Amino acid sequence: MEPSLEKLVQKNKPLLTELEQVIGYRFTDLRLLQRSLIHSSFAFEQTEVGKDNEVFEFIGDAVLDLVIGHLLVTRYPTMREGELTRIRASLVNEHHLAAMARSMELGRFLCLGKGENASNGRQKSSILSCAFEALVGAVFEDSEYTTAAEFVHRLFSAEIEQKKEELLLGDAKSRLQEELQDTFNEAPTYRLDKEEGPSHCKQFTVSVLFRDKVLGTGLAGSKKEAEQRAAASALDASGVNDTNA
């Protein structure tokens, strides 16, 4: 790697060491970690530094897709491909990766050009999400697939269950309708059972019915969410939501 990158590592060594502690991984080659933090705007202004983090970003993107995909299939072997794809997409999209980067204050460690630094680039979702991918790519380059996979598992394990629950709740109505249409060629109906509380804090109770039979009930602060919860309750009762089996 470029000699000037060595100088940058020496200059930033306390910060790099701090970041290693934050992410729980110690690099064999600190130059890889440093390069993962170099935004294109900094590389453009500091031409002697050489390459930015875009190649590492490319590698990290591929590692995340593979590792998280495999982790999902292993954890939820009966889940449909479309659901697996949606959960993975929700975990690796710009918004979520940027949120994870913010949680570890990754922006504080980035090397940005003067313009990006002045325009609050350290908090831009596009820059943070790319830097997060580059960091994963750097870990892969510094070690091997198994170590990189363990690194990703540790960061995402708790997130996966949360995203799964969000997906199943948010998609419950369409899933229930699909199940009933496939089996009976009929759709369910929803009934507002109760509306309570002041206008700024209402609670709605909704039941989902099929052929006059109540399949499930949901309670929430909006009718739409109450319907989703009712549908999720119906799916749970039928065993359709049992994706851990």
>> Pairs please, first residue from region 118-130 and among the basic types (Lys, Arg), second anywhere and assigned to a helix (DSSP H, G or I) and surrounded by fewer than 20 Cβ atoms within 10 Å (Cβ to Cβ), Cβ atoms under 6 Å, 6+ apart in sequence or on different chains.
In response: Arg122/Gly107
>> Residues to consider are Leu180, Leu192; find the one that is under 25 Å from Met79 (Cα atoms), in contact with a strand residue (DSSP E or B) (Cβ under 8 Å, 6 or more places away or on another chain) and without any contact (Cβ under 8 Å) to a residue 40 or more places away in the chain.
In response: Leu180
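Residue under question is Glu18, and the condition is that it be in a helix (DSSP H, G or I), more than 26 Å from Ser126 (Cβ to Cβ) and open to solvent by 30 Å² or more (accessible area, probe 1.4 Å); does it hold?
Spelling it out, it is not the case that Glu18 is in a helix (DSSP H, G or I), more than 26 Å from Ser126 (Cβ to Cβ) and open to solvent by 30 Å² or more (accessible area, probe 1.4 Å).
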> Somewhere in region 30-37, is a residue of a type in the set (Ser, Thr, Tyr), in a helix (DSSP H, G or I), within 23 Å of the chain's Cα centre (by Cα) and at pLDDT 95 or above?
Replying inline: yes
>> What pairs come out if I take residues in region 102-116 that are of a type in the set (A, V, I, L, M, F, W, C) and pair them with residues that are open to solvent by less than 50 Å² (accessible area, probe 1.4 Å) and not in a helix (DSSP H, G or I) whose C-beta lies under 7 Å away, six or more apart or interchain?
In response: Phe109/Leu37; Leu110/Leu37; Leu110/His39; Cys111/Leu37; Cys111/Ile38; Cys111/His39; Leu112/His39
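Condition check ((1) open to solvent by less than 50 Å² (accessible area, probe 1.4 Å); (2) at pLDDT 95 or above; (3) within 20 Å of Phe56 (Cα to Cα); (4) assigned to a strand (DSSP E or B)) across all residues:
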| residue | (1), (2), (3), (4) |
| --- | --- |
| Leu97 | yes, yes, yes, no |
| Gly107 | yes, yes, yes, no |
| Gly137 | yes, yes, yes, no |
| Phe140 | no, yes, yes, no |
| Leu155 | yes, no, yes, no |
| Lys164 | yes, no, no, no |
| Glu178 | no, no, no, no |
| Ala187 | yes, no, no, no |
| Asp193 | no, yes, no, yes |
>> I need the full set of residues from region 201-214 which are open to solvent by less than 50 Å² (accessible area, probe 1.4 Å) and of a type in the set (A, V, I, L, M, F, W, C), in order please.
In response: Phe204, Val206, Val208, Leu209, Phe210
>> Return the residues of region 65-83 that are loosely packed, with under 13 Cβ neighbours inside 10 Å, of a type outside the set (D, E, K, R) and in a loop (DSSP other than H, G, I, E, B); say none if nothing qualifies.
In response: Pro77, Thr78
> Across region 44-57, which residue is surrounded by the fewest Cβ atoms within 10 Å (Cβ to Cβ) among those that are of a type in the set (A, V, I, L, M, F, W, C) and out of contact with any Gly (no Cβ under 7 Å at 6 or more places or on another chain)?
Replying inline: Val55
> Among the residues of region 111-135, how many are within 21 Å of the chain's Cα centre (by Cα) and either closer than 17 Å to Leu8 by Cβ or surrounded by 21 or more Cβ atoms within 10 Å (Cβ to Cβ) (or both)?
Replying inline: 9
> What are the pairs, 6+ residues apart or on separate chains, where a residue within region 34-47 that is closer than 17 Å to Glu133 by Cβ and charged (D, E, K, R) has its Cβ under 8 Å from a residue that is outside any loop (DSSP other than H, G, I, E, B) and at pLDDT below 95?
Replying inline: Arg35/Leu5
> If the Cβ limit is 8 Å and pairs must be 6+ apart or interchain, which residue in region 217-235 that is in a loop (DSSP other than H, G, I, E, B) pairs with which residue that is at pLDDT below 90 and surrounded by fewer than 18 Cβ atoms within 10 Å (Cβ to Cβ)?
Replying inline: Gly221/Cys201
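State all residues of region 73-95 that are within 24 Å of Ala131 (Cβ to Cβ) and in contact (Cβ under 8 Å) with a residue 40 or more places away in the chain; if no residue qualifies, say none.
Within region 73-95, the subset within 24 Å of Ala131 (Cβ to Cβ) is 87-95.
Within region 73-95, Ile87, Ser90, Leu91 qualify.
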> Only one of Arg35, Arg86, Arg26 is under 24 Å from Ser119 (Cα atoms), open to solvent by 20 Å² or more (accessible area, probe 1.4 Å) and of a type in the set (Lys, Arg); which?
Replying inline: Arg35
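The values are calculated or read from the model by the stated rules, or taken from the named source; none is laboratory data. On a predicted model such as this, the values are computed, not experimentally measured, just so you know. We place every Cβ from the backbone using ideal geometry, glycine too, and count neighbours over all the protein chains shown. Calculation scope for accessible area: heavy atoms of the full protein, side chains included, ligands and nucleic acids excluded. Shrake-Rupley method; radii C 1.70, N 1.55, O 1.52, S 1.80 Å.
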